[in-house]
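Right, one structure below, let's go through it.
The values are calculated or read from the model by the stated rules, or taken from the named source; none is laboratory data. Keep in mind that this is a model prediction, so the values were computed, not measured. Virtual Cβ from ideal backbone geometry, glycine too; neighbours counted across all protein chains shown. Quick note on the areas: whole protein, heavy atoms, side chains included, nothing else; ligands and nucleic acids left out. Shrake-Rupley method; radii C 1.70, N 1.55, O 1.52, S 1.80 Å.
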Amino acid sequence: QVQLVESGGGVVQPGRSLRLSCVASGFTFSDYSMHWVRQAAGKGLDWVAVISYHGMNKYYADSVKGRFTISRDNSENTLYLQMNSLKGEDTGVYYCARGPSADYWGQGTLITVSS
Amino acid sequence: DIVMTQTPLSSPVTLGQPASISCRSTQSLVHSDGHTYLTWLQQRPGQPPRVLIYEISNRLSGVPDRFSGSGAGTEFTLKISRVEAEDVGVYYCMQAKQIPHTFGGGTTVEIK
């Protein structure tokens, strides 16, 4: 069955960096675009970024453009999110989801940006 | 950006009774590839989101058939034919037609 497992979350100071990973299984990873979506505590869902199946096309929410980079390694069935210059408002649970419809989601990994 | 508006904000429902959630988009969600990328998600308390319906009306494997999706263009509906206790949570619609992908604000389904 389709499984997405995120990791890499933790507590980080403002201005620092963090890299998230999402390992996929149960489907042909290289056939699908992939998303990152986040959720602050008690809030709604906030789309962050998407990458095409081959990794050539990447798109970002304005709130993270220039700070976050989405990438993938199809040989390792892994999606990444490199987050630089982190801010307090980046705090939340980050989910990866399978595109294009975001039909399967992982369990999420919590990022806390705090001094 | 496409704005997704859900109504109602909250839906108190009696067990065994139906519930309906509406989602309206500011633009048509029909993609140039012919698909309409409208997804419905459920988030139970303390749980990650789970997709119920994708592309308007396709139920994901394992989703009970009391959940159904309908609509076209800019108007979409999620219906629960007979609400069960496990259906309590927040429901979101999401469009994946255009970047940035956007979500509705959520509808809380609760038991009366």
Count of the stretch A:1-23 residues which are touching a Lys or Arg at 6+ places or on another chain (Cβ under 9 Å) and farther than 27 Å from A:Ala102 by Cα: 2
Those residues of the stretch A:24-57 which are of a type in the set (Asp, Glu) and in contact with a strand residue (DSSP E or B) (Cβ under 7 Å, 6 or more places away or on another chain), in sequence order: A:Asp46
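Condition first: of a type in the set (A, V, I, L, M) and more than 9 Å from chain A (Cβ to nearest Cβ). Now tell me which residues in the stretch B:39-66 satisfy that.
First pass over the stretch B:39-66, keeping only residues of a type in the set (A, V, I, L, M): B:41, B:51-53, B:56, B:60, B:63.
The answer is B:Leu52, B:Ile53, B:Ile56, B:Val63.
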Residues satisfying the stated conditions in the stretch A:8-36, i.e. open to solvent by 40 Å² or more (accessible area, probe 1.4 Å) and either under 10 Å from the mean Cα position of the chain (by Cα) or aliphatic (A, V, I, L, M) (or both): A:Val11, A:Arg19, A:Val23
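Taking A:Ser85 as the residue in question, decide whether it is assigned to a loop (DSSP other than H, G, I, E, B) and under 28 Å from B:Gly105 (Cα atoms).
On the way: assigned to a loop (DSSP other than H, G, I, E, B): yes; under 28 Å from B:Gly105 (Cα atoms): yes.
Taking the combined requirement at face value, the residue satisfies it.
Give the number of residues within the stretch B:88-102 that are of a type in the set (A, V, I, L, M, F, W, C), part of a strand (DSSP E or B) and buried (at least 24 other Cβ atoms within 10 Å of the Cβ).
Pass one, the stretch B:88-102, residues of a type in the set (A, V, I, L, M, F, W, C): B:88, B:90, B:93-94, B:96, B:99.
Okay, now just the ones that are also part of a strand (DSSP E or B), so B:90, B:93-94.
Right, trim to buried (at least 24 other Cβ atoms within 10 Å of the Cβ) and you get B:93-94.
The number of residues fulfilling the criteria is 2.
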Among (1) away from every other protein chain (no Cβ under 14 Å); (2) in a strand (DSSP E or B); (3) not β-branched (Val, Ile, Thr) - the single one A:Ser30 does not satisfy: (2)
Single unsatisfied condition, A:Leu20 versus (1) more than 22 Å from A:Asn84 (Cβ to Cβ); (2) in a strand (DSSP E or B); (3) touching a Gly at 6+ places or on another chain (Cβ under 7 Å): (1)
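Right, A:Asp103: of a type in the set (D, E, K, R), assigned to a loop (DSSP other than H, G, I, E, B) and in contact with a strand residue (DSSP E or B) (Cβ under 7 Å, 6 or more places away or on another chain) or not?
Values: of a type in the set (D, E, K, R): yes; assigned to a loop (DSSP other than H, G, I, E, B): yes; in contact with a strand residue (DSSP E or B) (Cβ under 7 Å, 6 or more places away or on another chain): yes.
Criteria met by A:Asp103.
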Leading residue by the ranking (least open to solvent (accessible area, probe 1.4 Å)) among those in the stretch B:5-52 that are in contact with a Lys or Arg (Cβ under 6 Å, 6 or more places away or on another chain) and in contact (Cβ under 8 Å) with a residue 60 or more places away in the chain: B:Leu29
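Do you know which residues across the stretch B:85-100 are more than 15 Å from the chain's Cα centre (by Cα) and at pLDDT below 95?
Keep residues of the stretch B:85-100 that are more than 15 Å from the chain's Cα centre (by Cα), which gives B:85-86, B:97-100.
If the condition is that a residue be more than 15 Å from the chain's Cα centre (by Cα) and at pLDDT below 95, then B:Lys97, B:Gln98, B:Ile99, B:Pro100 are the ones that fit.
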